[in-house]
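Heads up, the thing below is written out as structure tokens.
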Amino acid sequence: QVQLVESGGGLVQPGGSLRLSCVGFGTIFSGHAMGWYRQAPGKQRELVAVISSGGSTNYADSVKGRFTISRDNAKNTVSLQMNSLKPEDTAVYYCNAGVAGIAYWGQGTQVTVSS
């Protein structure tokens, strides 16, 4: 059974940093794109960052220059380093991977940016 498990969320002050991690189980993710999405209260889920199997990255305009996505294929993990956090970054963050045409999601981790 394919599973994605996130960790690393929490409460941080504006301007602070957090690092999210996602570990995959049940298959090898190295050949597949992985990404991070987020959903704020009352809003639709949106793409934050994606990394291809080859390491190419894309970011939402709102996080460019502040967030960095990376992957460690040996550990079946994808991470999101978030710097210069803003209150509008507050959301539940979800790890995502597409395997054989199926989108898999983690359970989500809450990130709250507030003073």
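The values are calculated or read from the model by the stated rules, or taken from the named source; none is laboratory data. Given the structure is predicted, the values throughout are model-derived calculations rather than measurements. Cβ coordinates were reconstructed from backbone atoms using ideal geometry, including for glycine residues, and neighbour counts include every protein chain displayed. Heavy atoms of the whole protein, side chains included, go into the accessibility calculation; ligands, DNA and RNA do not. Shrake-Rupley method; radii C 1.70, N 1.55, O 1.52, S 1.80 Å.
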Region 12-67 versus region 88-115: alpha-carbon centroid distance in Å: 7
For Val5 and Asp72, FRET efficiency with R0 = 25 Å and r from the beta-carbon atoms, rounded to 0.05? 0.95
Evaluate the relative contact order of region 66-115 (contact order divided by residue number), counting alpha-carbon pairs under 8 angstrom at least 6 apart; express in whole percent. 30
With the full set of protein chains in place, find how many percent of the accessible area of the chain is carbon and sulfur; take the probe as 1.4 Å. 49
Per 0.36 nm of contour for each residue apart, how much would the distance between Ser52 and Asn83 grow if the chain were fully extended, relative to their Cα-Cα spacing? 9.0 nm
Based only on Cα atoms, what Rg/Rh ratio does the chain have, Rh being taken as Kirkwood's radius? 0.95
Leaving out ligands and nucleic acids, note down the accessible area per residue over region 1-77 with a 1.4 angstrom probe, in whole Å². 56
Counting pairs of alpha carbon atoms under 8 Å apart in space and at least six apart in sequence, what relative contact order in percent does the chain give? 36
